[in-house]
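Step one of this worksheet: look at the structure below.
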Amino acid sequence: MTLNVSALRAAFPALAQEVHGRPLAYLDNAATTQRPRAVVEAIARFYEHDNANVHRGVHALAARATDAYEAARAKLAAWIGARSPREIVFVRGTTEAINLVAATWGRKHIASGDEILLTEMEHHANIVPWRMLADAVGARIVVAPIRADGALDLDAFRARLSARTKLVAITHVSNALGTINPVEEITALAKQKGAHVLIDGAQALAHLRPDVAAIGCDFYAMSAHKAFGPFGIGALWAREEILAAMPPYQGGGEMIRTVSFEKVEFAEHPHRFEAGTPNVAGAIGWAAALDWMAKLDFQAVHAHEQALLEAASEALGAIPGLVIHGTAKAKAPIVSFTVKGVHAHDLGTILDQHGVAVRAGHHCAMPLMQRLGVPATARASFACYNTHEEVEALAEGVRAAMRMFALEA
Ligand code: PLP
């Protein structure tokens, strides 16, 4: 089945606009996707009809808000193959999910001399919390390298696993290279050494159907806004037995059973990790995004995105002086590139003048930029609603930038 891209686009009001007099080509989906109207409407409906705080009220609106919030948890659990909604902790996003694991499970289980195995392609969200933990407890960060094509060097990864490895924390999909990591295989290797595994799923949700049971990992971190949902909401999935034994994260309302000045009894998971008023509207909007995604044929999405990736790689690859960073076989539709003689930020600014929205910078992956030997790249990242005309606009914009810099294009 082929994807009806124009019907898809019609669901996204933000896509139908001009920027600097040109049709918008929104190619910054790895930073955040656009949201379908259904998500915006679900949030508006909640605020117009059901707005109340959750878990605390006895009145009708509070009951409706609580039901909708908990239904969103169940929907996400089912979407990612969790055994129970109790395995889903709502947080602000991937960053908070990883910080939660580092601050609770990490503080309890990682000690001096232990190793945390990361890779060269990690986002700062999957580096900094571990660096902070390692500094606090005297643990060691070990880094598995990538190959020249941007794929993880699996042999080197295997060689860096040891009896001291307590945790492997790795991205499912690299935001800066597009590389899709073989997370099932990586998890199996880590488990042979007795290590726990955290997967940073920020970039996976919009393109893949991650199944935490099939992966076999222990933690999976997500952000709704990277997969058609609202800002300010994300989730940590963790195996129920791990969550049940994890100490609390932040303290406050919602996460307790009883409180006195002398003693606090904590609530069970997942509420033990959700101190304070949660982002109720965000969870409801996320559920609407999952409903919208459930109508997509993911095989058709994959085929369309791969065709866009191939077309963009070919069109950009044909430009003299342009280097694509990340050409692994398994890739999400993300193309990071540099042009000799033009700074990535200038490329981004000139592309914007052509209505083409890309990201330029280090993509919160400074160690990766160092490995690539560049200060920054320009990055075009596609979603299912992007078109081949937008790929052409991207290539034309890059050629225009090169002409401005008096470079052959
Ligand atoms: N991990 C990866 C691979 C990402 O691409 C991002 C965001 O760009 C994050 C983590 C952080 O996500 P958030 O800012 O939604 O917490």
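Computed values, structure above
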quantity: Check on residue 101, of a type in the set (A, V, I, L, M, F, W, C) and farther than 20 Å from residue 364 by Cβ; calculated: no
quantity: Any hit, the range 287-297, residues being under 22 Å from residue 168 (Cβ atoms), open to solvent by less than 20 Å² (accessible area, probe 1.4 Å) and within 16 Å of the ligand (Cβ to nearest atom); calculated: no
quantity: Check on residue 57, open to solvent by 10 Å² or more (accessible area, probe 1.4 Å) and at positive phi; calculated: no
quantity: 1 or more residues over 20 Å from the mean Cα position of the chain (by Cα): qualifying strands (runs of 3 or more DSSP E) within the range 310-409; calculated: 322-325, 334-339
quantity: Filtered residues of the range 75-100 (kept if part of a helix (DSSP H, G or I) and open to solvent by 40 Å² or more (accessible area, probe 1.4 Å)); calculated: 75, 78, 85, 86, 95, 99
quantity: Any hit, the range 139-155, residues being at pLDDT 95 or above, under 17 Å from residue 220 (Cβ atoms) and away from the ligand (no atom under 16 Å from the Cβ); calculated: no
quantity: Strands (runs of 3 or more DSSP E) within the range 131-243 that include 3 or more residues surrounded by fewer than 24 Cβ atoms within 10 Å (Cβ to Cβ); calculated: 140-144
quantity: Evaluation of residue 184 against (1) more than 16 Å from the ligand (Cβ to nearest atom); (2) in contact with a strand residue (DSSP E or B) (Cβ under 8 Å, 6 or more places away or on another chain) (one fails), failing number; calculated: (2)
quantity: Search result, residues across the range 4-15 that are open to solvent by less than 90 Å² (accessible area, probe 1.4 Å) and assigned to a loop (DSSP other than H, G, I, E, B); calculated: 11, 12
quantity: Those residues of the range 345-375 which are open to solvent by 10 Å² or more (accessible area, probe 1.4 Å), on the phi < 0 side of the Ramachandran plot and small (Gly, Ala, Ser), in sequence order; calculated: 348, 357, 360
quantity: Restricting the range 101-129 to residues that are within 13 Å of the ligand (Cβ to nearest atom) and without any contact (Cβ under 8 Å) to a residue 40 or more places away in the chain, the residue that is surrounded by the most Cβ atoms within 10 Å (Cβ to Cβ); calculated: 129
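To keep it simple, each residue is scored yes or no on (1) at pLDDT below 95; (2) touching a Pro at 6+ places or on another chain (Cβ under 9 Å); (3) in a loop (DSSP other than H, G, I, E, B).
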| position | (1), (2), (3) |
| --- | --- |
| 2 | yes, no, yes |
| 31 | no, no, yes |
| 34 | no, yes, yes |
| 46 | no, no, no |
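The values are calculated or read from the model by the stated rules, or taken from the named source; none is laboratory data. In this text, all values refer to a predicted model and were calculated from it rather than measured experimentally. A quick note on method: Cβ atoms are made from the backbone with ideal geometry, for glycine too, and the neighbour counts reach across all protein chains shown. Ligands, DNA and RNA are stripped out before the accessible areas are found, and what is left, the full protein with its side chains, is counted by its heavy atoms. Shrake-Rupley method; radii C 1.70, N 1.55, O 1.52, S 1.80 Å.
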